[in-house]
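One structure below.
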Amino acid sequence: MELNYRGKHILAPMVRVGTLPFRLLAAQYGADIMYGEELIDHKVIRCTRQVNDLLGTIDFVEKGTGEVIFRTCELERQCVVFQIGTSNATRALNASQIVCQDVAAIDVNMGCPKSFSLSGGMGAALLTRPEIIHDILTTLKRNLSIPVTCKIRLLRKPQETIEVVRRIEKTGVSAIAVHGRKVADRPKDPAQWEAIADVVSVLSIPVIANGDVFEYSDFQRMKDATGASSVMVARGACWNASIFRPEGKLHWENVKRDYLLKCILWDNDLKTTKHSLKEMIMHHSCLELLEGKSVNKCHSLADLADMYGERKFYDYVQQNRHVAAKNIAAAF
């Protein structure tokens, strides 16, 4: 079943945030589609696909280091999007073919403004190289059986953005996500919803609007203001993933607990677990207070479980790994 990009509330790709536990947390709260964090083609190509019977997951493990760079499971199979960082059509295809049987779609990052991406010709650097955009997207479309999309930023001039998205549409992609900021803009700068509306007005494929969604009501506000088919949220979800709940957000302390339990259940790596917890703490409290300092001192998921009073759950999961992870999840 092909992914439908109309009328959806979507978790944006976020580095060190969009791992399996966070994606499933967003889905639990109501997200329709979840993007994983951007992964660079070079790294993906160095991976082997491994079935993890203990966790009930599919792991993509980097040769040499043994690092799991992407973990997914059947629970999200129909709604997880794999985002790739690339500047080369052949590498993009090779990387996508490694993961394509286990995800719902492939997205090409054409909006990252970080120097690492720009210096490698990836992310927003692609927006000034329309011939490479065309090569990458048409190569993926020609060789993959799942949807292909891309996520962009606004260019310096409105007409430049319009020209790029028209060229992108001609490659046959299923949708375009548009972050309503330019490369030079900072997160504090307001997203330009009117510029996204201009993009929507010239395209026939679904446009996913992204930028300044912080409450559930903002999904509809942005949809109305831009005419976009769907709306994507990044920081608003990072700080409180329950933003996807129509009934309203839960207290961040409850969200934090739900996230930690999922990290324990799916054996998430410590680094990204601590990163997401600290993002929540920084927004709602302060890392210099006791909680923040205590998280920094934790050296394992067991330490975090002890700190947050979840040792009983941690021990139960460790003792029952022979039970399918989804069954443990259903019990909690």
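General remarks:
- Lone unmet requirement of (1) at pLDDT 95 or above; (2) touching a Gly at 6+ places or on another chain (Cβ under 8 Å); (3) not in a loop (DSSP other than H, G, I, E, B) for S117: (1)
- The residues of segment 20-41 that are touching a Lys or Arg at 6+ places or on another chain (Cβ under 7 Å) and open to solvent by 10 Å² or more (accessible area, probe 1.4 Å), listed by number, are L24, Y29, G30, D32, E37.
- Which listed residue is part of a helix (DSSP H, G or I) and either open to solvent by 30 Å² or more (accessible area, probe 1.4 Å) or touching a Ser or Thr at 6+ places or on another chain (Cβ under 7 Å) (or both), from R167, R156: R167
- Residue within segment 216-229 that is open to solvent by less than 70 Å² (accessible area, probe 1.4 Å) and touching a Lys or Arg at 6+ places or on another chain (Cβ under 6 Å) present: yes
- Test for E62: is it of a type in the set (D, E, K, R), touching a Pro at 6+ places or on another chain (Cβ under 8 Å) and open to solvent by 10 Å² or more (accessible area, probe 1.4 Å): no
- In the set (1) exposed (fewer than 14 other Cβ atoms within 10 Å of the Cβ); (2) closer than 18 Å to M232 by Cα, the condition left unmet by W193 is number (1).
- Cβ separations smaller than 6 Å between residues 6+ apart or across chains give the following pairs from segment 1-21 residues that are within 16 Å of C150 (Cα to Cα) to residues that are part of a loop (DSSP other than H, G, I, E, B) and of a type in the set (A, V, I, L, M): L3/A104; L11/A31; A12/A234; M14/A234.
The values are calculated or read from the model by the stated rules, or taken from the named source; none is laboratory data. Keep in mind that what you see is a predicted model, and the values were worked out from it rather than measured. In this analysis, Cβ positions are derived from the backbone assuming ideal geometry, glycine residues included, and neighbour counts consider all displayed protein chains. Side chains are part of the model used for accessible areas, which takes the heavy atoms of the whole protein and leaves out ligands, DNA and RNA. Shrake-Rupley method; radii C 1.70, N 1.55, O 1.52, S 1.80 Å.
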